1. Can you pull out the residues in segment A:97-114 that are within 17 Å of residue A:52 (Cβ to Cβ) and outside any helix (DSSP H, G or I)?
2. Tell me whether segment B:96-106 contains one or more residues that are within 29 Å of residue B:32 (Cα to Cα), touching a helix residue (DSSP H, G or I) at 6+ places or on another chain (Cβ under 7 Å) and surrounded by 19 or more Cβ atoms within 10 Å (Cβ to Cβ).
3. Among strands (runs of 3 or more DSSP E) lying entirely in segment B:39-87, which contain 2 or more residues that are farther than 15 Å from residue B:154 by Cβ and in contact (Cβ under 8 Å) with a residue 60 or more places away in the chain?
4. Given the criteria in contact with a helix residue (DSSP H, G or I) (Cβ under 8 Å, 6 or more places away or on another chain) and within 14 Å of chain A (Cβ to nearest Cβ), does residue B:136 qualify?
5. Quick one: in segment B:156-194, which of the residues that are within 14 Å of another protein chain (Cβ to nearest Cβ) and in a helix (DSSP H, G or I) is surrounded by the most Cβ atoms within 10 Å (Cβ to Cβ)?
6. Take the residues of segment A:77-96 that are part of a loop (DSSP other than H, G, I, E, B) and without any contact (Cβ under 8 Å) to a residue 40 or more places away in the chain: which is surrounded by the fewest Cβ atoms within 10 Å (Cβ to Cβ)?
7. Considering segment B:236-252 alone, what residues qualify as being surrounded by 14 or more Cβ atoms within 10 Å (Cβ to Cβ) and modelled with pLDDT of 95 or more?
8. So in segment B:121-155, with the set limited to residues that are surrounded by 17 or more Cβ atoms within 10 Å (Cβ to Cβ) and under 14 Å from residue B:49 (Cβ atoms), which one is nearest to the chain's Cα centre (by Cα)?
């Protein structure tokens, strides 16, 4: 399992929201722009890749206790959303890259769509 | 004096590429009258150009028509934007069009977008792609519609696509909307069990009519007049105004 800090460094991501959990281990990844799908499929300690930057992204990440959310294509949450991420302990990672590119890079780092079986 | 008015606040015309060619002003008005509707709203995708023609077609029938739009936001959430006057709706359209990508419609993929007159005669074909997202966040759009004096109602929230609940997972805190719309297929027992948060919202049932048969007569407003201000009071249950929804669809 890879640490969030290594993903941030290798993918050159901008950290906003809460940066207190960068030593957290990422167990798997999920990508979708429909928040209802993320709510059903992403799980605790997943990294979620989406181009949505709406405040509900923070709500979903907090609800599911995700390791982080990678927000793609240069989309930037508003200040209120970032403040909420800080207060809820949600790590938001920003990048100008597309979701396709980010998922490819995560795969190259060994992050899969399902957690490894112990 | 308050009176009951049956309403369908979500009706497309032939300006929406996905609407059937029968969705022209005189047929919409005739169908609305047959359904006993006292109020309809014309809500084409990201556009308002046919609303005035429907208003004219309804003159003398007793049917009130609000000019409106079904906006597609940055999050790909559909939002009903309803106004009292054509001028307000066109001001909103100008704002929305400045936020839409400048793409050409391709009829072979999306279908044609017709502007028509009150008789349903062709006036022109809109060449701009209306089936796109405006670069505005949902909450911003609601605030702008309110600033222009309109009502803002997220559309068909129970649909699996282009809806508040599908795209944003849950109703955002501080949404600011006047009500939420559910589809004619919404079943209260199953729907409220799946989305308990809907119980706290005024709900309206509309047809999202792309054909004449889709039109619905299940949302009843008790208001003094079919205006934005009165509808707003009814949705809040204020000053004796109220809404009632017939949850059991009639076969028509």
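1. Passing the criteria: A:97, A:98.
2. First, pick out the residues of segment B:96-106 that are within 29 Å of residue B:32 (Cα to Cα): B:96.
Now narrow it down to the ones that are touching a helix residue (DSSP H, G or I) at 6+ places or on another chain (Cβ under 7 Å): none.
No: segment B:96-106 contains no residue that is within 29 Å of residue B:32 (Cα to Cα), touching a helix residue (DSSP H, G or I) at 6+ places or on another chain (Cβ under 7 Å) and surrounded by 19 or more Cβ atoms within 10 Å (Cβ to Cβ).
3. Working: elements: B:39-45, B:64-72, B:78-82.
Counting at least 2 such residues, we get B:39-45, B:64-72.
4. Working: in contact with a helix residue (DSSP H, G or I) (Cβ under 8 Å, 6 or more places away or on another chain): yes; within 14 Å of chain A (Cβ to nearest Cβ): yes.
So residue B:136 passes the test.
5. Result: B:164.
6. Step one: list which residues in segment A:77-96 are part of a loop (DSSP other than H, G, I, E, B), which gives A:77-78, A:89-90, A:95-96.
Narrowing further to those that are without any contact (Cβ under 8 Å) to a residue 40 or more places away in the chain: A:78, A:96.
On the way: A:78: 14, A:96: 11.
That would be A:96.
7. Taking segment B:236-252 as the starting set, the residues that turn out to be surrounded by 14 or more Cβ atoms within 10 Å (Cβ to Cβ) are B:236, B:241-243, B:245, B:247, B:249.
Residues satisfying the conditions are B:236, B:241, B:242, B:243, B:245.
8. Restricting to residues being surrounded by 17 or more Cβ atoms within 10 Å (Cβ to Cβ) and under 14 Å from residue B:49 (Cβ atoms), the top hit is B:130.
The values are calculated or read from the model by the stated rules, or taken from the named source; none is laboratory data. This one's a predicted model, so the numbers in the text were calculated from it and none came from an experiment. Cβ atoms come from the backbone with ideal geometry, glycine included; neighbour counts cover every protein chain shown.
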